[in-house]
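J.: Here it is, the structure, as structure tokens.
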Amino acid sequence: MRHPFIEDQWKQLCDRVNQSAEHLAGDQDDVASAWAQQVDQFAQQDPPGSYPDLLRRVAQAADLVSTWRDDQTTVAGTQESATDRPATSDPVESEDWVTEAGMESFPASDPPSWTSAAV
């Protein structure tokens, strides 16, 4: 049974994979042609028949593009390992912005005023 929504999403996914290949390859023609073949192989699959199948294809596409990105990073020599980054325990440099904001704003410079009157 054909599902117009799934088929539309499949076409968009194939377009996004192609755009990613073109973007990551840049002006490297040999890389671009190799990746274009992989894009064609991916796009020539039968459209998924169900939403879970579409999600599996999205995961395949993400893996494919991730492989390309990792290849480009390795070739460029800019792949950063965990040992290249300085170790820090400073919460200000953490990835969690909420925790960072909390650490920077507490304790507040002016404590709240206290009154005995009930509001």
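J.: Rank the residues HIS23, HIS3 as a footprinting-exposure proxy: fewest other Cβ atoms within 10 Å of their Cβ go first.
T.: Details: HIS23 11, HIS3 15.
Listing HIS23, HIS3 from fewest to most nearby Cβ atoms yields HIS23, HIS3.
J.: Once both labels are modelled 7 Å past Cα along the beta-carbon direction, what's the VAL98-GLU7 spacing in nm?
T.: Roughly 4.3 nm, to one decimal.
J.: Could you derive backbone 3J(HN,Hα) for the range 18-27 from the dihedral phi with the Karplus parameters 6.51, -1.76 and 1.60 (θ = phi - 60°), listing whole Hz in sequence and x where the residue is Gly or Pro?
T.: So the Karplus estimates, Gly and Pro as x, are 4, 4, 5, 4, 5, 5, 5, 6, x, 9 Hz.
J.: Given the range 1-47 reduced to its alpha-carbon atoms as identical point scatterers, what log10 I(q)/I(0) does the Debye formula return at q = 0.28 Å⁻¹?
T.: Here log10 of I(q) over I(0) equals -0.97.
J.: Stretched out fully, how many nm does the piece from ASN18 to THR115 gain, at 0.36 nm a residue minus the Cα gap? Each step should come with its number before you reach the end.
T.: On the way: separation 97, 0.36 × 97 = 34.92 nm, distance 6.50 nm.
Gain on stretching ASN18 to THR115: 28.4 nm.
J.: Assuming R0 = 41 Å, can you tell me the calculated FRET efficiency for the pair ASP27 and ASP53, based on Cβ-Cβ distance, to the nearest 0.05? If you can, show how the numbers build up before the last one.
T.: On the way: r = 36 Å, r/R0 = 0.87.
Result of the calculation: an efficiency of 0.70.
J.: Hey, another quick one. With the crude spin-label approximation of a point 7 Å out along Cα→Cβ, what separation in nm comes out for ALA62 versus GLN38?
T.: With each label point 7 Å from Cα toward Cβ, the separation is 1.7 nm.
Every read-out reported here was derived from the displayed coordinates using simple, explicitly stated rules and does not represent laboratory data. Everything numeric here is computed off the predicted structure, so don't read it as measured data. As a convention, Cβ positions derive from the backbone with ideal geometry for all residues, glycine included, and neighbour counts pool all protein chains shown.
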